[in-house]
Amino acid sequence: MTALAVLLAALGAIGQAAGARMQHGAVHDTIGDQGFGLRSQARLVRNSRWLLGLLSLGGGTLLHAVALGLAPLSVVQPVGVLALPITVLLSLRSSGTRVRDLDAQVFFSVAAATSGVAAFVFLAAGSAKATAVSQDAQMTATQLVAGAVLVLGVLAALTRSKVRCVLFAAACAVAYAYVSLLVRAVSQQLRTIELLDINPLPLLGIPVAVVLGGWLLQHAYASGPPELVVACLTVIDPLVAVGLGIGLLGEADEVGTWTAVGEIGCAVVACLGVFALARYHPETKERRVPATVAGSSGLSGPSSTDRPDGSSP
């Protein structure tokens, strides 16, 4: 079951990467230099490319949800980091750049991210213990996630450019990690108890977190390049999910010391690869050049995206 769960999670990562690329392009094509206000959002939901991206994201999320029902949270969630190198490959294809023309930094960043997460999953699959998601754990997770999303969202609204993009993406990642925990809770309850006895918290929390996370994600797209957004998602989402799995669910109670050290090392390698990829990818460099010429350190270019409503600070 674990092998099947990892495969489904990998296919889900492909769907999420494709959806992220399409939605990012649709956001920038739609808002132009008008900012991400209510009128822009209304036009966005009528954009066929954005809707196709939403469908791709939904399909990837569904596959990921099925995987969560088959294996521990700390095994399935890190597989989502594969969305980042896939996003890079899609970006190369859209720009007409060949893989062999990539800078050495980009190549080694992709290798570090993918090999790090693959090794992490290999270690976790043999040691993590599937545990029940209790109602107390769900309530504690709800409180922690709500506080974290609120703080990150407020900070994002008060900052600019690259930092804003990172904060909005981080808030989205925290919300999506919470969704993963609730999806696992629902899948467990469906197998063990009667339908009418299911705890209503996950059934209410999942749609709220999905909608809120999606709204935060669009603001992140409007504030920076897709690689930076996906980098934040693929690092913070699994880290938060694994933290919840270990801290609240006790999935790592039987993990040996050296295995834990190896998992931490693999996670560090994957994180370094992700951040290096966000830094050295050609599209990120291109965005940094005009900003440097203009005397700005932001990555997102136009100042119209400095605030969610498109106004300048």
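Every read-out reported here was derived from the displayed coordinates using simple, explicitly stated rules and does not represent laboratory data. Being a predicted model, the structure only gives us computed values, none of them experimental. All Cβ positions, even for glycine, are placed from backbone atoms using ideal geometry, and neighbour counts span all protein chains on display.
What distance in nm separates the simple spin-label points at Val151 and Trp215, each placed 7 Å from Cα in the Cβ direction?
2.1 nm
Starting with the highest mean, order 111-119, 8-16, 44-52 by the number of other Cβ atoms within 10 Å, averaged over the residues of each peptide.
8-16, 111-119, 44-52
Karplus couplings for region 170-175 from phi (6.51 cos²θ - 1.76 cosθ + 1.60, θ = phi - 60°), rounded to Hz, Gly and Pro as x?
5, 4, 4, 4, 5, 5
In nm, to one decimal, how far is the modelled label at Arg46 from the one at Gln143, with both set 7 Å along Cα→Cβ?
4.6 nm
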